[in-house]
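Notes follow once the structure below has been shown.
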Amino acid sequence: MTELTPILTNPWGEERSWTLETYERFEGYQALRKALSTPAADLVQMAKSSGLRGRGGAGFPTGMKWGFLPEPDGGPRYLVVNADESEPGTCKDIPLLMASPQFLVEGMIITSYAIGCNHAFVYVRGEVVHVYRRLMEAVREAYAAGYLGKDILGSGFDLDITVHAGAGAYICGEETALLDSLEGRRGQPRLKPPFPAVAGLYARPTVVNNVESIASVPPIILHGADWFGGMGTEKSKGFGIFSLSGHVERPGQYEAPLGITLRELLDMAGGIRAGHRLKFWTPGGSSTPLFTDEHLDVPLDFESVAANGSMLGTRALQIFDETVSVVRAVSRWIDFYAHESCGKCTPCREGTYWLREILTRLERGQGRPGDIDKLDDIASNILGRSFCALGDGATSPVSSGIKYFRAEFEQAMTTPVDVSFPPQNSVLFAKESVTS
């Protein structure tokens, strides 16, 4: 049985876990002191050696991304942290920022020192005002303690952090759309190349990383790359926060080594709610292909999940029992993606619209001949042809839903989806699912 590894979540049980005082009792800012006495190039190499991969969904090696920055030319370079968590079911960064925001602040300081950045930014989703305020207070405390500002801890290194609240657009979770929004423009993805490492924020070299990725940096620096690499699997090293929501007895955040299985996590979470059975689940949020009960023992690491036809993504494990209609669940997700499409490219703009139209018909039992094959065809014509990953992600629940539950889609052609379940049997399909 894989055991939990409370590292980022370790202080969460404290009465005031979000304060600087609490964080310092849990080894807070010890890693910064170590980092400031280490050559910057060695810190980048340590990030590479640790095997830390991006925790925002794509899983790109973090240290490698830092190493893509060109040689210094005397101009500014930036670190931008993506805290625009807004995919249905994804809910790990928001709890982390609420419970232990100093992990992110310290990680940003160390990362900025490693890449030669003197001004870093956090882009927070605008609707989560409580998180914005808590992060602002964490930054204020860091300034007051001398961890931010001029000549940090007498090292000669200067750093300012700006916390920016977006207006609440899912597309701004895409790194280049985030940069456009941060510059004051409409959030839409940029054509690449150039990549942000070469021409990012204000056309300067920029590193864009997820909250959990940067928050994982202080423990790595403090305890070493080998310590981090000793957890997880050979190619998916370290620990991660797994968010269980939906029809489980104890939904919440479970921090564990990569490679743990859903069966093990369900045992920790008390199992599926009493009297019901698992029907389907998402391994990495609503933009990843669905899994069923036959995938209970798939190791939750990047390679194993991909080998079984899905993506690890943000480790947002939405659990659905037999009371939930797959057609209705997929339809709710497509409502979201159609609404959040920025409209820049035709496959996503038009494709998500037609997916929504057909799924709405099926929900009402008003399907037309060929509708299911048409759904599959539209999805295949969006996949790989949209400007950014939003379109690709929107196709995942459609294609996988039809693959595993075609009979349910066929039944919906003539029979309206039963929506008479009691409210407690439903799962949140809003833009932000909340776990307890």
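Look through the range 212-261, keep the residues that are closer than 21 Å to Leu32 by Cα and in a loop (DSSP other than H, G, I, E, B), and return whichever of them is most open to solvent (accessible area, probe 1.4 Å). Residue satisfying both the conditions and the ranking: Gly224. Against the definition (touching a residue at least 40 places away in the same chain (Cβ under 8 Å) and aliphatic (A, V, I, L, M)), how does Ala225 come out, yes or no? For Ala225, the condition - touching a residue at least 40 places away in the same chain (Cβ under 8 Å) and aliphatic (A, V, I, L, M) - is met. Could you tell me whether Ala144 is of a type in the set (Gly, Ala, Ser) and modelled with pLDDT of 95 or more? It is true that Ala144 is of a type in the set (Gly, Ala, Ser) and modelled with pLDDT of 95 or more.
Here is a yes/no grid of residues against (1) without any contact (Cβ under 8 Å) to a residue 60 or more places away in the chain; (2) acidic (Asp, Glu):
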position	(1), (2)
Asp84	no, yes
Asp93	no, yes
Leu104	no, no
Gly116	no, no
Gly126	yes, no
Val129	yes, no
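Output the residue which, of all residues in the range 147-194 that are within 23 Å of the chain's Cα centre (by Cα) and closer than 18 Å to Gly116 by Cβ, is surrounded by the fewest Cβ atoms within 10 Å (Cβ to Cβ). That would be Thr162.
From the list Glu71, Glu85, pick out the single residue that is of a type outside the set (Val, Ile, Thr) and closer than 24 Å to Pro6 by Cα.
Result: Glu85 is the single residue among Glu71, Glu85 that is of a type outside the set (Val, Ile, Thr) and closer than 24 Å to Pro6 by Cα.
Considering only the range 299-317, state which residues are buried (at least 20 other Cβ atoms within 10 Å of the Cβ) and free of Cβ contacts under 8 Å to residues at least 40 places away in the same chain. Within the range 299-317, Val305 is the sole residue that qualifies.
Residues of the range 251-298 that are free of Cβ contacts under 8 Å to residues at least 40 places away in the same chain and acidic (Asp, Glu): Asp293, Glu294, Asp297.
Each residue in the range 363-386 was checked for being buried (at least 19 other Cβ atoms within 10 Å of the Cβ), part of a loop (DSSP other than H, G, I, E, B) and under 28 Å from the mean Cα position of the chain (by Cα), and 1 of them qualify. The residue that is modelled with the lowest pLDDT, counting only those in the range 262-285 that are of a type in the set (Gly, Ala, Ser) and open to solvent by less than 10 Å² (accessible area, probe 1.4 Å), is Gly285. When every residue of the range 59-68 is checked against the conditions, at least one turns out to be surrounded by 18 or more Cβ atoms within 10 Å (Cβ to Cβ) and in a loop (DSSP other than H, G, I, E, B).
Scanning the range 318-362 for residues that are closer than 29 Å to Ser181 by Cβ, open to solvent by less than 40 Å² (accessible area, probe 1.4 Å) and not in a helix (DSSP H, G or I) turns up Gln318, Ser341, Cys342, Gly343, Cys345.
Being buried (at least 17 other Cβ atoms within 10 Å of the Cβ) and either in contact with a Pro (Cβ under 6 Å, 6 or more places away or on another chain) or closer than 25 Å to Met268 by Cβ (or both) is a description that applies to Ser100.
The values are calculated or read from the model by the stated rules, or taken from the named source; none is laboratory data. These figures come from a predicted structure and were not determined experimentally. FYI the Cβ positions are ideal-geometry reconstructions off the backbone, even for glycines, and counts take in every protein chain you see. Only protein heavy atoms, including side chains, enter the accessible area calculation; ligands, DNA and RNA are left aside. Shrake-Rupley method; radii C 1.70, N 1.55, O 1.52, S 1.80 Å.
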